[in-house]
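The block underneath contains the structure these notes are about, expressed in structure tokens.
The values are calculated or read from the model by the stated rules, or taken from the named source; none is laboratory data. Since this is a predicted model, take the numbers as computed values, not measurements. A quick note on method: Cβ atoms are made from the backbone with ideal geometry, for glycine too, and the neighbour counts reach across all protein chains shown.
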Amino acid sequence: MIRAQPNALTGWVSDSLVKHHNVGSTTSVVTEVGFGAASLGNLYRKTTDAESHGALVEAWDRGIRYFDTAPHYGLGLSERRLGETLKAFPRDDFSVSTKVGRLLVPNPAPTGRDEGFDVPDDMIRQWDFSRDGVLRSIEGSLERLGMSRIDIAYVHDPDAFSDDSARLALKTLTELREQGVVGAIGVGTNQTYQLGELFSEGLIDVAMLAGRFTLLEQGGLDSVLEPAAAVGGSVVIAGVYNSGLLANNRPPADAKYNYEDAPPALIATTNAIADVCESFGVTLPQAAIAFVLRHRAVAGVVFGMRTAEQVADNIARFSATVPTELWAELVSRGLVADGAPAT
């Protein structure tokens, strides 16, 4: 059975460049830079145990104290690897988020390899947003992580299954929050659907929004970030590089966008943004990170990181000084939506 545990975060580093923020009105905390652990589940290709461990230790040494995972990532491998490394650190000194909605069940007909993650497919994902499914998912995550509580629990891609999936799962997560099993609850998705309503109705503390509020896309501004800010909710931004289009100083000709080949017009827009950034002595990735952190509802940015080198690179980009005048210039050229509010 799941048992309630105290959820008090203490001892957070205060001298790091990476600041931390409360999640909505809860006691859960995230750092402005979070570690996205999908690669720890062998996303697309194998990541060694040594690489995973090294990346997590580097993240800790750089001041990152927020780690995001999910059962979906490598059929539980990401959670197991994360828990194995984090057990060396005081539990009250970091936050972990995981997700519900894709329940892991035995695979009756394994083929040998999972689709999307380089792991054996002895388990499969089963959509399940029911009370029983959510409880079983949280129970499994706690076991794989080796932890007694989860700081943030997201409903994972509910819009991909049905219109009422988010609300259904949130009922159970609300119970678990009241019991102290989870600290904050929300939705993790790459769609803006319903998020504003869920914030306005007081059903979520936080949303993890992937790809819909970036230097290239501001569609989530009015539909998610502003509703969150209006009620004191938080947004964690994932996919800040839009599948890699903003990950380099200049986009390559074969750049991806939303995990597909980027349209030529979008590559041209990205180059135009890069021109302006370079005139201010700023790189495209540095601007991509700084832009989203300007909004008062954004508590942090999560990067998918596979190695210690990637951690160091992202921290360096995050730490760069970006002139405020850059934003006005981008707006004046029509490259960024007008009115993106600063913190």
Review point. In this structure, does Leu245 turn out to be crowded, with 21+ Cβ neighbours inside 10 Å, modelled with pLDDT under 95, more than 30 Å from Ser200 (Cβ to Cβ) and out of contact with any Asp or Glu (no Cβ under 7 Å at 6 or more places or on another chain)?
Key: yes
Review point. If we keep just the residues of region 185-212 that are under 15 Å from the mean Cα position of the chain (by Cα) and hydroxyl-bearing (Ser, Thr, Tyr), which is surrounded by the most Cβ atoms within 10 Å (Cβ to Cβ)?
Key: Thr189
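Residue by residue, here is whether (1) surrounded by 23 or more Cβ atoms within 10 Å (Cβ to Cβ); (2) at pLDDT 95 or above holds:
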| site | (1), (2) |
| --- | --- |
| Ser14 | no, no |
| Thr31 | yes, yes |
| Gly34 | yes, yes |
| Ser39 | yes, yes |
| Thr48 | no, yes |
| Glu51 | no, yes |
| Gly54 | no, yes |
| Ala70 | yes, yes |
| Arg91 | no, yes |
Review point. Pairs under 7 Å by beta carbon, first residue modelled with pLDDT under 95 in region 313-342, partner of a type in the set (Lys, Arg) and in a loop (DSSP other than H, G, I, E, B), six or more apart or different chains?
Key: Ala340/Arg294; Pro341/Arg296; Ala342/Arg294
Review point. Under the condition of being assigned to a loop (DSSP other than H, G, I, E, B) and not charged (D, E, K, R), which residue from region 98-113 is nearest to Leu176 (Cα to Cα)?
Key: Gly101
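Test Ala287 against the criterion of being within 30 Å of Val231 (Cα to Cα), crowded, with 18+ Cβ neighbours inside 10 Å, aliphatic (A, V, I, L, M) and out of contact with any helix residue (DSSP H, G or I) (no Cβ under 8 Å at 6 or more places or on another chain), and give yes or no.
no
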Study note, to complete from the structure: Pairs returned, first residue in region 109-131 that is aliphatic (A, V, I, L, M), second residue that is at pLDDT 95 or above and surrounded by 17 or more Cβ atoms within 10 Å (Cβ to Cβ), beta-carbon separation under 6 angstrom, 6 or more apart or interchain, are Val119/Asn42; Val119/Gly74; Val119/Leu75; Val119/Leu77; Met123/Leu75; Met123/Leu104
Review point. For Leu216, which of the numbered conditions (1) without any contact (Cβ under 8 Å) to a residue 40 or more places away in the chain; (2) under 24 Å from Phe318 (Cβ atoms) fails to hold?
Key: (1)
Check your understanding: Since Asp151 meets every condition but one in (1) of a type in the set (Asp, Glu); (2) under 23 Å from Leu86 (Cα atoms); (3) more than 20 Å from the chain's Cα centre (by Cα); (4) surrounded by 19 or more Cβ atoms within 10 Å (Cβ to Cβ), which condition does it not meet?
Key -> (3)
Review point. Just a yes or no: is a residue in region 248-256 under 30 Å from Ser200 (Cβ atoms) and either among the acidic types (Asp, Glu) or buried (at least 17 other Cβ atoms within 10 Å of the Cβ) (or both)?
Key: no
